[in-house]
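What follows is a short report on a single structure.
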Amino acid sequence: MSELQAFVGPTYARFDGLPTQLADEDPIDQAVVRFAGHRLIFVIESPRAVEKKMWDALRLLQQTLAVRPHRSWHAPVPVGRLLAQFEIALTSGANAASAAILDQLTATGGLNATNISHLRIKRLAKLGRGSEMLRLPDLVDVVTTRPPIPVRDAIVGAVYATALAEPLSTGDLETARTRLIEAGSMVPALMEGPLTDLRPQALTVLAMAAWIADSTPIGELLRQSPEMLAAVEQLAPDLAAHYRDPAPTVENDGPPDGDQPESADTPAAPKSWLECITSVSAHGIPHL
């Protein structure tokens with residue numbers, strides 16, 4: 001309809017843009033329907049003076065439609081709906097669907113590269129493909145940006161599955177320690193942040209890292225939270241026993257820092273502007 005109005009329109013014909021109501025009892029109308037194969041028929045009436053120009057315009061319309069490029073029209077799906085569909089696909093275990101939606105989210109440009117990386121990490125974690133996750137080229141960039149809790153849990157959980165699960169299952173704490181040092185180069189950057197929403201696997205990795213690096217904050221959190229420590233104990237009883245012991249205290253019989261007794265050779269600081277001026281004139285600028 002819009003093409004007819006553009007090429008023929010009111011210039012060469014009387015055309016209102018509406019389909020004609022064909023009569024069932026009219027043989028000409030029925031012949032037109034049989035020829036077209038449908039009832040969406042437009043009638044164009046042209047004055048004799050411009051009839052040739054109308055036919056020329058119709059032929060030009062046919063030629064234009066024949067050579068126009070093919071277009072695939074589709075309504076864009078909002079990013080929020082795609083994210084909801086992605087979560088549903090992950091939860092239901094629809095691996096192919098989650099991959100297709102992730103590709104669609106990447107193509108739409110509605111999310112930045114970091115958010116796409118977060119979704120990819122969550123998908124690989126759900127599929128149990130921790131080794132593939134740890135080989136992602138942009139994983140280092142994700143770690144340094146302090147990712148949200150689910151992404152942080154997925155990354156640290158992958159370290160547990162690939163490096164610590166086997167030795168800890170046999171109670172080999174030393175081998176687990178060695179493997180974490182070799183494979184856990186990204187773990188120190190993930191030690192900052194809350195621990196309450198992490199799974200036992202991620203908690204165990206961070207507890208092991210804190211034991212290796214002697215991290216006081218995580219050690220204190222584990223000692224003060226029986227629930228977290230119990231979660232670690234399920235996977236690494238010997239490691240949890242380390243945190244059940246009280247934290248070592250540093251004995252210091254001397255005065256605390258900043259309260260060192262003044263030496264007899266150190267002159268007393270001036271207590272007024274008059275004393276300061278007198279001291280400067282006699283001995284130079286005093287050490288305050």
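As a summary of the residue check, Ser72 satisfies the conditions (1) of a type outside the set (A, V, I, L, M, F, W, C); (2) closer than 30 Å to Thr106 by Cβ; (3) open to solvent by 60 Å² or more (accessible area, probe 1.4 Å); (4) at pLDDT 85 or above except for the one numbered (4).
Please determine whether any residue of segment 164-173 is closer than 25 Å to Ala89 by Cα, outside any helix (DSSP H, G or I) and out of contact with any Ser or Thr (no Cβ under 8 Å at 6 or more places or on another chain). Let's see the steps before the verdict.
The initial filter retains those residues of segment 164-173 that are closer than 25 Å to Ala89 by Cα, namely none.
There is no residue in segment 164-173 that is closer than 25 Å to Ala89 by Cα, outside any helix (DSSP H, G or I) and out of contact with any Ser or Thr (no Cβ under 8 Å at 6 or more places or on another chain).
For segment 216-235, the condition holds for at least one residue, the condition being that it is open to solvent by 80 Å² or more (accessible area, probe 1.4 Å), β-branched (Val, Ile, Thr) and either in contact with a helix residue (DSSP H, G or I) (Cβ under 7 Å, 6 or more places away or on another chain) or at pLDDT below 90 (or both). Would you mind stating whether Val159 is closer than 10 Å to Ile121 by Cβ and not in a loop (DSSP other than H, G, I, E, B)? In short, no. When we screen Ala23, Ala49 for residues that are without any contact (Cβ under 8 Å) to a residue 60 or more places away in the chain and part of a helix (DSSP H, G or I), the only hit is Ala49.
Arg177 meets the conditions (1) of a type outside the set (S, T, N, Q); (2) open to solvent by less than 60 Å² (accessible area, probe 1.4 Å); (3) assigned to a helix (DSSP H, G or I) in every case but one. The failed one is (2).
Note on segment 40-69: residues that are out of contact with any strand residue (DSSP E or B) (no Cβ under 9 Å at 6 or more places or on another chain), open to solvent by 80 Å² or more (accessible area, probe 1.4 Å) and modelled with pLDDT under 85 amount to 5. As for segment 91-98, it holds at least one residue that is modelled with pLDDT of 90 or more and either surrounded by 14 or more Cβ atoms within 10 Å (Cβ to Cβ) or assigned to a loop (DSSP other than H, G, I, E, B) (or both).
Residues that are surrounded by 10 or more Cβ atoms within 10 Å (Cβ to Cβ) and in a loop (DSSP other than H, G, I, E, B) within segment 26-39 comprise Asp26, Arg39, listed in sequence order. The set of residues from segment 104-119 being in contact (Cβ under 8 Å) with a residue 24 or more places away in the chain and either surrounded by 13 or more Cβ atoms within 10 Å (Cβ to Cβ) or farther than 19 Å from Thr145 by Cβ (or both) comprises Gln104, Leu105, Thr108, Gly110, Leu111, Thr114, Ser117, His118, Leu119.
Would you please name the residue that is most open to solvent (accessible area, probe 1.4 Å), looking only at residues in segment 180-197 that are within 18 Å of Leu134 (Cα to Cα) and assigned to a loop (DSSP other than H, G, I, E, B)? Can you show your working first?
Going residue by residue through segment 180-197, those that are within 18 Å of Leu134 (Cα to Cα) are 180-191.
Those left that are additionally assigned to a loop (DSSP other than H, G, I, E, B): 184-187, 191.
Working: Gly184: 10, Ser185: 100, Met186: 37, Val187: 4, Met191: 31 Å².
Ranking the candidates gives Ser185 first.
Among residues of segment 60-71 that are under 15 Å from Phe7 (Cβ atoms), those with a Cβ under 8 angstrom from a residue that is part of a loop (DSSP other than H, G, I, E, B) and open to solvent by less than 90 Å² (accessible area, probe 1.4 Å), sequence gap 6+ or separate chain, pair up as Leu61/Val8. Residues that are free of Cβ contacts under 8 Å to residues at least 40 places away in the same chain, among the charged types (D, E, K, R) and open to solvent by 70 Å² or more (accessible area, probe 1.4 Å): does segment 161-169 have at least one? Checked segment 161-169: at least one residue is free of Cβ contacts under 8 Å to residues at least 40 places away in the same chain, among the charged types (D, E, K, R) and open to solvent by 70 Å² or more (accessible area, probe 1.4 Å).
Looking only at segment 136-160, filter to residues that are hydrophobic (A, V, I, L, M, F, W, C), out of contact with any helix residue (DSSP H, G or I) (no Cβ under 6 Å at 6 or more places or on another chain) and surrounded by fewer than 21 Cβ atoms within 10 Å (Cβ to Cβ); which one of those is farthest from Ala189 (Cα to Cα)?
Of the residues in segment 136-160, the ones hydrophobic (A, V, I, L, M, F, W, C) are 136, 139-140, 142-143, 149, 151, 154-156, 158-159.
Then drop every residue that is not out of contact with any helix residue (DSSP H, G or I) (no Cβ under 6 Å at 6 or more places or on another chain), which leaves 136, 139-140, 149, 155.
Going one step further and asking which of them are surrounded by fewer than 21 Cβ atoms within 10 Å (Cβ to Cβ), we end up with 136, 139-140, 149.
On the way: Leu136: 17, Leu139: 12, Val140: 10, Ile149: 13 Å.
Out of the qualifying residues, it is Leu136.
The values are calculated or read from the model by the stated rules, or taken from the named source; none is laboratory data. Everything quoted here is computed from the prediction, not taken from an experiment. Virtual Cβ from ideal backbone geometry, glycine too; neighbours counted across all protein chains shown. Ligands, DNA and RNA are excluded from the accessible area calculation, which covers all protein heavy atoms including side chains. Shrake-Rupley method; radii C 1.70, N 1.55, O 1.52, S 1.80 Å.
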